[in-house]
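This report concerns only the one structure given below.
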Amino acid sequence: MVPAGGAPSGGGHPVITGLSPKEGTPGQTITIRGENLGNDQSDLVALMICSTDCLMSAKWKSSTKIVARVGKAKRGLGDIVLITRSGGRGISSIQFRVFTQTTGPLEESAVWVDETRTVPGREAVRTIQETNENVDALGLTVNLADKMDLGTLSQKFPDGSSNRRMESFDPRYYLLENHSKTKLEDLRKGVRHMKKMAVMEAESSKDVHKANLYSLISCVDALAAFHDRLQLERNTRGWPLTMNLNDKISESRKTADKLFLDVLNRKDRADATRNALSILTRFRFIFFLPSSIDENLAKGEYSTILNDYTRAKSLFKDTDVELFKEVMQVLDEKMIALKSNLKQRLIDVPTTFEDQSKLIKYLRCLDPESDPAWECITAYHIWLEDVLWQLQEKHHTLAVQDQTQREEGIYPVEGLSLHRQQFVGELIAVLTDKLQTFWKLSQIYSSSTDERYVQKQMDIDQMLINTINVSSWLMLNALCPSSLPEKDSIVNEYKSKGQFVTWPEISGRQQINELFASLKLLRMCVNTLLEFPNTALNHKHVQPLIELCSTLRLKCLELVVRSTSDAIVSLGAKENWKMDVVGGVSKTALPHQYENELAESLPYFQQICAHDGFPGEFDLFSNERFKDMLITLFSKVILSIKDCFEGLLKLKHNKRPHKLPLDDTSSTRSSTPSRGGPAGSVLDESDLGSAHNNSISAPSANVTGRRLLISICNLEYMIDHSLPTICKRLNDSGVRFADVILDKCKQKLVSFRSAVIRYYLSMKAAAFSSLIDAVSYEDSCEEDVSYFIKELVMCMVFIQSEITLLAPQLSQQIMMSSVQTAVEELLQTLEGVPIRHEEQATQIVIDITALEEALQAYMSLENRRMLNALRAERMKQMDAGRFQESIRSFRSSLRLAITSLQIQDSYAESSEI
């Protein structure tokens, strides 16, 4: 037995395992055996044998046996279909064969047998087993696995057959059964084979006729003699022979009828009239009851009908009078019609709860063995789910129409329609209203102490959960379809049937608005369902809506974070690079704009993190997996300012980077700039996100040292002031673990600030690297300090002036790093210069001493040691008089520059990079 249809409400599908007999004529009584064949006679809903309704003749014996009579079915094989209320529907794998009984020439028959369509002596095909021809008519090989289903072919060709020996042979039937998948070329070969076989059969027929010529002539002679004898009889005695006798009998009958017919008819009519009047007067109640039932049915007075029928049933239930039996049969038919009418009204929703209760009571009176309450609950459940799907179709159609109109230019403003939000609102309204009625019905049903009713309480709970599941999936498909569960078999079944529609795309801002509005409605819905009066709805029933609420909150957070991050990144377009001093700290308007953007998102964060919308709402931070994800999302939106700075400073070639994975060290001593210039020195791929394949571009014409310093000042202000303020507001808005978010974001921004400082140093180092690369002592020595030393000192003066003007707090650390880089590069160059004469050695000592004297305020002990070591080696060959003269000249000519470099900065004790 193969199940067909939805899952049964209990007991299992009917399973038919045997038929007795397996073939017969229309009217044949058969025995059906199997499992789950119903609980009683009223449990049978339908019994179809060979597409013929046999329910009226079916007699239920037990749950494993049913006896039925075959109806007027057509000849051939057919299925057995049994439908019960308890088990649902099934189709038997065993088939019943129907054949037509042919009356033989020697058999008695009550009707005239039309022998024009039959051949005497020929039995029905059923008397012998149909032979299967081993040789294919086309001469091709028949693959049994490729044969079409006989049931399908029987429906298409009810009077056809694939047996070439039968008169009902149909070539189309034969080709579809045996060659439905045969190639066209093979069919052409088969046609040529059939033509060849026809020629061979014609030649064979001639040989048969030649061999039996005498027998054929004898048959023709016998037929001619028989014809002559019949002709002689007709001419001599007349035809047919009994004509005269038949005429006499007919005449006698007519004469007798004329004598007595009128008298007998008048007497019978008078007696019948007297009897009828007497019976009508005596039994007026029973004879007028059918019309009274019709009148009360039209008025809707079902209780009166039931009382009258019960009275008639008690008086005439066991009567043997045929007239009363006929009246009771009419009454029974009307009660069956009434029962059908009441049942239809019961399942035709919407119907008020009071009317449903009355109809259930009437149906129980009509049939105490039936279960109208369960049928009502099942129908209401199916209707409610249909309403939910119809709501989706309605609003999806409107949304598609609006999208088409916008594409055609009818609506100039995008996003005027809120069909998703309206759909969610209507669906929640239907759910809130109708679930209460459904629950009341289920409580009336399960209030009985009958064990059968108690067992179905689990089915009622499952119906309730299924309805809420469908509503949650529909809302999830409308608001965030990507979150539909992929491993749920029921969801995948709905998807395969195309029941989940594809909603038109909308803008991100409109999606955020609709999500928050729907989240508010959903929280109210769950709260209402949990607070239903006189109901026992609990968290188990509304769990799908609770999970949907959590999913919408996470989706809202994702969209708000994305929108806010994009808005923060776009703040770079508003940067004017004008410095303001607030509380002794320099900054532009960018930090204030950054704080404002995050402040605008705080109400959204508060709605998402709140968990007091209904009793038992889930706290997102209580789950360890959600906790890490939420901390990451909040950190992402705060750290999006890094992307803004990267766009402002044009640090990358590619599209906007997601982040700058930098090392956490705050000292530049461990990564001293090399001589390769800024493009490949401080900010190399290991510093600025090589994991994202974002290479570092050379400084753009718009990226100046001034802008880098202003950005560093903004970063310092954000680290010291903005981040604590933002995290405090997040904590006030219900965001837990704000201290963790603060530490994580602060660490990332400090690393980013260090990277920008290194980038600034590498850009400035490029200026004096070219001077040091050009150092040469091969030409005649100068009378004063070398030109490149003076240029190097002036470069340092320019760097110091720029830092003091824009970021004085960074003066000491940047200057010390710059001096360290210059000294190390110079020492590396001077160590490779060969000393060939006294003037060359003197010039080197002069240059080292002048540089040390000018930059001594920013020179480390290690630099001094290295310079002293190099100078000690050259002092053995130098000219002391020239040395003194050159140093005095250097001090005089660059007095202002040396003085400015020797002024100690107030930030001398700042941390080194």
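A few points about this structure:
- Net charge in the neighbourhood of residue 622 (other residues with Cβ under 15 Å of its Cβ; Lys, Arg +1, Asp, Glu -1) is -2.
- Among the trypsin sites (Lys or Arg not before Pro) within segment 476-547, those in coil by DSSP and having at most 11 neighbouring Cβ atoms inside 10 Å are 487, 497, 540.
- Cα convex hull, segment 8-50: 94 Å³ per residue, rounded to a whole number.
- Backbone amide hydrogens, once placed in the peptide plane, bring residue 46 within less than 5 Å of 83, excluding anything fewer than 5 places away on its chain.
- DSSP-assigned coil residues among GluC sites (Glu not before Pro) in segment 135-203, each with at most 16 further Cβ atoms within 10 Å: 167
- Net +/- balance of residues flanking residue 203 in space, Cβ distance below 15 Å, scoring K and R +1, D and E -1: +2
- Loop-located trypsin sites (Lys or Arg not before Pro) in segment 836-876, at most 13 other Cβ atoms within 10 Å (DSSP): 836
- Considering only 893, 859, 835, and ranking their Cα positions along the charge dipole of segment 774-902 that arises from unit charges at the beta-carbon of Lys, Arg, Asp and Glu, the one farthest toward the positive end is 859.
Each value in this text was obtained by applying a stated rule to the coordinates, not by laboratory testing. None of these values were measured; they are calculated from a predicted model. For neighbour counting, all protein chains shown are included, and Cβ atoms are generated from backbone atoms with ideal geometry for every residue, glycine included.
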